[in-house]
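**Q** Below is a structure I'd like to ask you about.
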Amino acid sequence: MGKIIKLYLDNCCFNRPFDDQSQIRIRLETEAKLKIQEEIRAGRLYLVWSYILDYENYKNPFQERKIRISKWKKYAIEDIEENYTVIKLAKDINKKGFHKIDFLHIACAIVSNCEYFLTTDDYILKRANLLSDIKINDPINFIRETVL
């Protein structure tokens, strides 16, 4: 791996280790996501955080999950706040069929010049080809593409 990749993980990605691990897909995505986190901690990947991650995590009804996810903010090299550029871009992304929280996450990732937006949400993944400004992927395929 040459240059350091800048990426954004959505809330689905951060919550994947807390999902039912009896399903093979979920277990594999969890392992891939944990490997990505290891690379972030080691400084071999750059993480971007946002006000939308804070908002969604704040609404998490599971206190332990909320605390564990919020600790990842300290590893972020950038924290995107709501601003005109994010909102304008989010409105454009919304027109392509993405849901409200999703299009705000994606807009934050694009505004911060992330190369990748990582999610485990099938709805987003199925629409990945609608956006050319960023690569949308799941943790498993991200690892395949970048050969971590």
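The values are calculated or read from the model by the stated rules, or taken from the named source; none is laboratory data. In this text the structure is predicted, and so the values were computed from the model without any measurement. Cβ placement follows ideal geometry from the backbone for every residue including glycine, while neighbour counts extend to all protein chains displayed.
**Q** Would you mind finding the one in Glu39, Glu29 that is farther than 24 Å from Tyr123 by Cα, buried (at least 19 other Cβ atoms within 10 Å of the Cβ) and out of contact with any Phe, Trp or Tyr (no Cβ under 9 Å at 6 or more places or on another chain)?
**A** From the options Glu39, Glu29, the qualifying one is Glu39.
**Q** Do you know which residues across region 1-44 are among the aliphatic types (A, V, I, L, M), under 24 Å from Glu81 (Cα atoms) and in contact (Cβ under 8 Å) with a residue 60 or more places away in the chain?
**A** Matches in region 1-44: Ile5, Leu7, Leu9, Ile36.
**Q** Then there's this: Checking Leu53 against (1) hydrophobic (A, V, I, L, M, F, W, C); (2) over 13 Å from the mean Cα position of the chain (by Cα); (3) surrounded by 15 or more Cβ atoms within 10 Å (Cβ to Cβ), which test does it fail?
**A** If we test Leu53 against (1) hydrophobic (A, V, I, L, M, F, W, C); (2) over 13 Å from the mean Cα position of the chain (by Cα); (3) surrounded by 15 or more Cβ atoms within 10 Å (Cβ to Cβ), just (2) comes out false.
**Q** Output the qualifying pairs, or none if there are none: Cβ atoms under 8 angstrom, residues six or more apart or on different chains, first residue in region 54-83 and closer than 12 Å to Asn15 by Cβ, second residue exposed (fewer than 12 other Cβ atoms within 10 Å of the Cβ) and aromatic (Phe, Trp, Tyr).
**A** Final answer for the pair search is Lys66/Tyr58.
**Q** Could you check, for region 76-84, whether at least one of its residues is modelled with pLDDT of 95 or more, touching an Asp or Glu at 6+ places or on another chain (Cβ under 9 Å) and either under 23 Å from Lys126 (Cα atoms) or surrounded by 12 or more Cβ atoms within 10 Å (Cβ to Cβ) (or both)?
**A** Here is the first cut: in region 76-84, the residues modelled with pLDDT of 95 or more are 76-84.
Still in the list and also touching an Asp or Glu at 6+ places or on another chain (Cβ under 9 Å): 79.
Going one step further and asking which of them are either under 23 Å from Lys126 (Cα atoms) or surrounded by 12 or more Cβ atoms within 10 Å (Cβ to Cβ) (or both), we end up with 79.
There is at least one residue in region 76-84 that is modelled with pLDDT of 95 or more, touching an Asp or Glu at 6+ places or on another chain (Cβ under 9 Å) and either under 23 Å from Lys126 (Cα atoms) or surrounded by 12 or more Cβ atoms within 10 Å (Cβ to Cβ) (or both).
**Q** Residues of region 1-39 being in contact with a strand residue (DSSP E or B) (Cβ under 6 Å, 6 or more places away or on another chain) and under 16 Å from Thr146 (Cα atoms), which ones?
**A** Ile4, Ile5, Lys6, Leu7, Tyr8, Leu9, Glu39
**Q** When the residues of region 56-84 are filtered to those that are of a type in the set (Ser, Thr, Tyr) and more than 29 Å from Thr146 (Cα to Cα), which remaining residue is farthest from the chain's Cα centre (by Cα)? Quick ask: steps written out before the conclusion?
**A** Residues of region 56-84 of a type in the set (Ser, Thr, Tyr): 58, 70, 75, 84.
Cutting the leftovers down to more than 29 Å from Thr146 (Cα to Cα) gives us 58, 84.
Working: Tyr58: 16, Tyr84: 21 Å.
Residue satisfying both the conditions and the ranking: Tyr84.
**Q** Okay, next question. Go over the candidates Lys135, Lys71 one by one and state the one that is closer than 20 Å to Leu47 by Cα, basic (Lys, Arg) and surrounded by 17 or more Cβ atoms within 10 Å (Cβ to Cβ).
**A** Lys135
**Q** One residue is enough: does region 95-113 have a residue meeting the conditions of a type in the set (Asp, Glu) and out of contact with any Asp or Glu (no Cβ under 8 Å at 6 or more places or on another chain)?
**A** Within region 95-113 (the criterion being of a type in the set (Asp, Glu) and out of contact with any Asp or Glu (no Cβ under 8 Å at 6 or more places or on another chain)), the answer is no, since none of the residues qualifies.
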